[in-house]
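What follows is a short report on a single structure.
The values are calculated or read from the model by the stated rules, or taken from the named source; none is laboratory data. The structure presented is a predicted model; accordingly, all values stated were derived computationally and were not measured. Quick reminder, even Gly has a Cβ in these numbers, built from the backbone with ideal geometry, and neighbours come from all protein chains shown. We work out accessible area using only protein heavy atoms, side chains counted, and drop any ligands, DNA or RNA first. Shrake-Rupley method; radii C 1.70, N 1.55, O 1.52, S 1.80 Å.
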Amino acid sequence: MTPKPKVTSSKTPLRWPWSKKRNIDGAVGQQLKDQPEVQIQQVDLGRETNSVRIQPVPIEPVPVAIATNYANPLNSEERGLEDPTSREARASMSALEMTQATTASSAEASSSFFPNARNFVVKRLHVDASHHGSNSNDPSGWERLLQNTAPNALHDSEYRFDPPKCDEDTRVEVTGELMGWIQDRESPQRLLCMTGAAGSGKSALQQTVAEECSGLDILASTFFFSSTDPTRNTMSPVIPTIAYQLGSNHPTLREAISEAVTKDPLIFKKSLKTQMHRLIVRPFEDLSRTISKAELAALPYAILIDGLDECTDEQRQAELLATIDECLLQNDALPARIFVASRPEWAIRSALEDTGYLHQKAYHIQLSDQYDASSDIRRTLWRRLRELGRQSGDPRAQSPSWPSEEDIETLVVNASGQFIYAAMVIKFLSERRSSPVDRLRVVLTWTPEDRVQPFAALDLLYTNIVSAAKEAYEGAHPDRDFLLLLRVYQILGDGSWADGLMFAVTEVNELLDLEENADRWLTSDLRSLVTMVRFVETDPPLEHLRFYHKSFADFLNSAGRSKSLFVPGSRIVEFVTVSCIRVLDRDDICTSGALSAFICHFLLRPYGTTGSGSPLLEAVATTRWEKVEKCVSEDSQRYRLADSHDFLFFKPVFDGLLAFLSRALLEHENRDQEIYQRIKSSYDKWEQISRSTEEKFRETLRSLAPSLDQPTSLGLDAA
């Protein structure tokens, strides 16, 4: 055994066991003059030693000498130069050992670990490396949880100050249904999904229900998504935020959730299913084994999630619904009832449809289809506008005759059952620096030339939805124009351009030569603005496209409001006309009643004007015209049993009709200079063909309506 070195001075010699012996006479931590600097070996934290891992910690200079058995690999040359004494000392070390320690001065002692110690020796000090990197500054599991929550998503967050909610005496029926379902603990369906058009009042209903549940002490948690708030437009904070609120309701749950985070600090980077199981399901299961069923049932149980569609990733939307199904609905240990509100976009729509996995498990309220909010909107407008009038300094607004009943009804019609329009009007009229009378007049008489933009908020909503849908659709169909197709389905479906006739989406698909379900792919991301309405009971059913909002149609029709999303009407006419021309060139044109109807009811309209000039009807155009006649003849058979006024769509003046049709037929395909030269040189021939075709058309009209007494009723005299 090596004898203990004798202390002869307050300055203790320092020996590094892995280096050559040096006669260093100086205080620890103090470099003496004329002596080489002691090189301290850096420890590789990524490498295991036989006993410990060394973690360098920045501290004040400490008057101690430390030796270690860190196995530094040496090459043959280094081993040959190694001092035998150092080799022996290194080999004899089995753990960290403090060899000698003294203090150099009172000043130095004040910064040491042992400020009042003198001339002591500590041997075989073992360091527990199991707490590597831990210190009192590490956050607890609960603190880590809080760092991953979204406070703005809470129903009572200061960020959502004055959130939208239902006015008194409005939405009473639907609110009653929602609260009735939440409080019916015996109902087998523990998930309620409410879908509705954009602006239909879903968030206002969620806020109203949240406040009512909070008043009844049954509100467990809320999460309000918002596409414009980066802290709550992703799925990452959803489970932590819900877990935080659940833990806040019971200390045992809080402790269990905190422990789960402490055990796995990376839990927030794992799947929603894993987060849900470890932060919510497992703590509830542990709690259920420690308290009675009555105590468990007394806990708040209503979980509200609003605006699922406003999460930026639709795949994550689907993941959350699947997680709720697997972790909550299929686990009886959790007493939760979950209420999810969303626009009817892909994730929730596909889960709730007849073949979806939530179809039987969820109670589904289709807000825009099941509830007509017009009466509630009317009541809200009357109350709010009268209140604004009383607060205004304008005597006109304080008059009992303002607003007029006609004004209110116009607003109700424009709202189309959607509360967002009424809310926008009320907000616009609430401007304190002008009269509500004048601002209401702006709303009712607004034109694109007006500088004031009363619909700015609404237009922004429509722009965001349509732009996202356009990007998604054209990404999958790069050769198609999303906006043009949407407008074609709109004008052919609402009857605005075809004498009141509405064409089914399947008929539009056929005219445009698109696949069978083209309309479904087109509107897949627009279900919050458009719907399919069945108008003919057939097998299969015929449906046409309808907008939920009149204001959305106004938006698309106004270049000033839709801006880059605007499609001129002339472009729509041209596109449909070209589609009709392509149909005329097909051999099977008259095999479809829908295509015949398009030719009759879309082309045979007075687009031209009397006496306008027309180019030459060449041979190909004449052939097409014969096909038009055939379509007219076959389609008219379908109207034989109808009254004579059903034939009035033939009333267009023939000169204008022929001018339009012949121009459309020829200019579409004959654009090169040679063809136009032929048209110019054959102008005289056109007059002859025109008179002949006109007579044939007159004869066709007479044969179609033999029961009419006066031919003038078909416009023949005018022709």
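Loop only per DSSP, at most 13 neighbouring Cβ atoms within 10 Å: give me the GluC sites (Glu not before Pro) in segment 443-498, ordered by residue number.
Loop-located and lightly packed - Glu449.
With all protein chains present, how much of the accessible area of segment 226-290 (probe radius 1.4 Å) comes from carbon and sulfur, to the nearest whole percent?
Carbon with sulfur: 50 percent of the solvent-accessible area.
At 0.36 nm per residue, and after removing the present C-alpha to C-alpha distance, how many nm does the segment from Ala559 to Ala318 gain when stretched out fully?
Contour length minus Cα-Cα distance gives 83.2 nm.
Tally Lys and Arg at +1 and Asp and Glu at -1 over the other residues with C-beta under 11 Å from the C-beta of Ile324: what net charge comes out?
Net charge in that neighbourhood comes out at 0.
Would you pull out the residues with amide H under 5 Å of Leu542's amide H, same chain only if 5 or more places away, H placed 1.01 Å from N?
Phe535, Val536
Which cross-chain or sequence-distant (5 or more) residues have an amide H under 5 Å from the amide H of Leu529, H modelled 1.01 Å from N in plane?
Ala198
Skip the ligands, DNA and RNA, and give the accessible area per residue of segment 423-471 with a 1.4 Å probe, whole Å².
Value for segment 423-471: 57 Å² per residue.
What is the sum of charges around Glu314, taking Lys and Arg as +1, Asp and Glu as -1, for the other residues whose C-beta is under 15 Å from the C-beta of Glu314?
Around Glu314, the surrounding residues sum to -3.
Report, by chain and number, residues whose modeled amide H sits under 5 Å from the one on Cys166, excluding near sequence neighbours (fewer than 5 apart, same chain).
HN-HN under 5 Å from Cys166: Thr208.
Need one value: the accessible area of Thr252 in square angstrom, 1.4 angstrom probe, rounded to the nearest 10.
60 Å²
Quick one: if the Förster radius is 45 Å, what FRET efficiency do Glu285 and Asp167 give, using the C-beta to C-beta distance and rounding to 0.05?
Efficiency computed from Cβ-Cβ geometry: 0.60.
Hey, what do the phi angles of segment 187-198 turn into as Karplus ³J(HN,Hα) couplings, whole Hz, using 6.51/-1.76/1.60 and θ = phi - 60°, x for Gly and Pro?
For segment 187-198, the Karplus curve yields 5, x, 8, 9, 10, 10, 10, 10, 10, x, 5, 4 Hz.
Can you give me the C-alpha center-to-center distance between segment 428-446 and segment 233-289, rounded to a whole angstrom?
49 Å
Just to check I understand the Karplus step: with θ = phi - 60° and J = 6.51 cos²θ - 1.76 cosθ + 1.60, what whole-Hz values come out for segment 271-280, glycine and proline as x?
Whole-Hz 3J(HN,Hα) from phi for segment 271-280: 4, 4, 4, 5, 4, 4, 5, 7, 9, 10.
For Glu474 and Arg383, FRET efficiency with R0 = 56 Å and r from the beta-carbon atoms, rounded to 0.05?
Efficiency computed from Cβ-Cβ geometry: 0.80.
From the cross-link list Lys273/Lys361; Lys202/Lys427; Lys202/Lys470; Lys202/Lys263, which pairs have alpha carbons spaced over 29 Å apart?
Those over the limit are Lys202/Lys263.
DSSP loop (so not H, G, I, E, B), at most 16 other Cβ within 10 Å: list which GluC sites (Glu not before Pro) in segment 135-236 pass both filters.
Here the GluC sites (Glu not before Pro) that fit, given the DSSP loop and packing criteria, are Glu168, Glu186.
Counting other Cβ atoms within 10 Å, keep those with at most 14, restrict to DSSP loop, and tell me which trypsin sites (Lys or Arg not before Pro) in segment 377-469 are left.
Sites meeting the loop and neighbour criteria: Arg432, Arg433, Arg451.
Could you derive backbone 3J(HN,Hα) for segment 255-266 from the dihedral phi with the Karplus parameters 6.51, -1.76 and 1.60 (θ = phi - 60°), listing whole Hz in sequence and x where the residue is Gly or Pro?
5, 5, 5, 4, 5, 4, 6, 4, 5, 9, x, 8
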